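Reviewing the structure listed below.
The values are calculated or read from the model by the stated rules, or taken from the named source; none is laboratory data. From a predicted model like this one, the values you see are computed outputs, not experimental measurements. In this analysis, Cβ positions are derived from the backbone assuming ideal geometry, glycine residues included, and neighbour counts consider all displayed protein chains. The area values use the complete protein model at the heavy-atom level, side chains included, leaving out ligands, DNA and RNA. Shrake-Rupley method; radii C 1.70, N 1.55, O 1.52, S 1.80 Å.
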Amino acid sequence: MRQNTSTVNAAVRGADPFPFITKQEIEGRERSANKAKQKASTPIQMFLPGMDEFMRAMPNLLARSSLCAPIARGHRKMHGGTVLVSRKDGVLEYWGEQLDEADADILLQLMFEARQAALGQPITINRAAFLRAMNRSTGKHDYEWLHRRMKVLTAATLIIEAKKTDGSTKYRIGDTKTFHILAGFDYDANGEAYTYTLDPQWQVLFDNREYALIDWQKRLLIGRGQDMAKALQRLVATSSNAEQQHALDWLKEKMQYASPMRKFKNALTNAMRELERLKIIAKGRIEFSTKGKEQAAWKKL
């Protein structure tokens, strides 16, 4: 079998015969990973400017991805290193059960409860008060649901690579040191309380104000069965742009919507109307972009 002459020559010279990734790029990734690991190794308080009582926060990379999606009830995929749908500024690999908008609510509330604590330190919450903060009931079914979801969030694992505008790596977490959405929890049946810890690597995700501030009161007012509106609210909050547009095919994939596009358009239109009702957006519409592709557009209020 004939070998490529340039490959043979490169091998003779001692160079990398398959220079798909340069030595500089490898070293850059290692430096980025070590920097993120070092930064996250010392527990510090996760101070988030603007996170008042009525606000909740989620890193933009997660809020823009398909990690949490308005999926149909009873339909949850199991992911094993799946590359999630996201924007070009990040690559997210996920191991665990597909999360929905109720899981997003739990995550938002867990972050809020941890706002006064150092990352990596235990935080104790009363389970009934926690459920009421999310506008949920406090019956047996709700307690069982919360316990089940806490276990799922503890098992959920991510590798996240943030990209700079030139495509190079900004930081990478979860690769050399495991990153769980929830580092761990204990349940005290006598006190009806959970004690949980957040991985210190969350600090890297929230750095440089790269997070969405979500109006919690308005989120709680989103109508039942309007999970797509909740997903859209998180997406709207990731950008400060007043005028926002997103390609329909990308939105459909991000929302993990399996039905035909015509049904997705109806559901998306209903979601935009719900956000208009709550004065989160205005002029929500489906239109054609200047390149002739269908997109959803709105004005952020």
Checked the range 105-123 for anything part of a loop (DSSP other than H, G, I, E, B) and either open to solvent by less than 10 Å² (accessible area, probe 1.4 Å) or not polar (S, T, N, Q) (or both); matches are Ala114, Arg115, Ala117, Leu119, Gly120, Pro122
State which residue pairs qualify: first residue closer than 14 Å to Phe206 by Cα and inside the range 102-122, second residue of a type outside the set (A, V, I, L, M) and surrounded by fewer than 17 Cβ atoms within 10 Å (Cβ to Cβ) in any location, beta carbons under 6 Å apart, and separation of 6 or more residues or different chains. Ala118/Pro43; Ala118/Gln45; Leu119/Pro43
Residues (of a type in the set (A, V, I, L, M, F, W, C), within 17 Å of Phe112 (Cα to Cα) and in contact with a helix residue (DSSP H, G or I) (Cβ under 9 Å, 6 or more places away or on another chain)) located in the range 124-151: Ile125, Ala128, Phe130, Leu131, Ala133, Met134, Leu146, Met150
Residues being more than 29 Å from Lys164 (Cα to Cα), open to solvent by 50 Å² or more (accessible area, probe 1.4 Å) and either in contact (Cβ under 8 Å) with a residue 60 or more places away in the chain or part of a loop (DSSP other than H, G, I, E, B) (or both): count how many of those fall in the range 49-89. 9
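Look at the range 259-271 and say how many of its residues are in contact (Cβ under 8 Å) with a residue 24 or more places away in the chain and either among the hydroxyl-bearing types (Ser, Thr, Tyr) or out of contact with any helix residue (DSSP H, G or I) (no Cβ under 7 Å at 6 or more places or on another chain) (or both). Walk me through it before giving the result.
First, the residues of the range 259-271 that are in contact (Cβ under 8 Å) with a residue 24 or more places away in the chain: 267-268, 270-271.
Keeping just the survivors that are either among the hydroxyl-bearing types (Ser, Thr, Tyr) or out of contact with any helix residue (DSSP H, G or I) (no Cβ under 7 Å at 6 or more places or on another chain) (or both) gives 270.
The total comes to 1.
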Boolean, Ala102 is farther than 18 Å from Thr169 by Cα, part of a loop (DSSP other than H, G, I, E, B) and aliphatic (A, V, I, L, M): no
Please give the strands (runs of 3 or more DSSP E) falling wholly within the range 173-258 in which 1 or more residues are more than 15 Å from the chain's Cα centre (by Cα) and surrounded by fewer than 16 Cβ atoms within 10 Å (Cβ to Cβ). 184-188, 193-197, 243-247
Give me a count of the residues in the range 272-288 that are open to solvent by 30 Å² or more (accessible area, probe 1.4 Å) and either more than 21 Å from Arg224 (Cα to Cα) or assigned to a strand (DSSP E or B) (or both). 5
Do we have any residue at all in the range 124-143 that's in a strand (DSSP E or B), open to solvent by less than 60 Å² (accessible area, probe 1.4 Å), closer than 21 Å to His79 by Cβ and touching a residue at least 40 places away in the same chain (Cβ under 8 Å)? no
Test Thr154 against the stated conditions and say whether it is in contact (Cβ under 8 Å) with a residue 12 or more places away in the chain, out of contact with any helix residue (DSSP H, G or I) (no Cβ under 6 Å at 6 or more places or on another chain) and either part of a strand (DSSP E or B) or farther than 25 Å from Glu101 by Cβ (or both). no
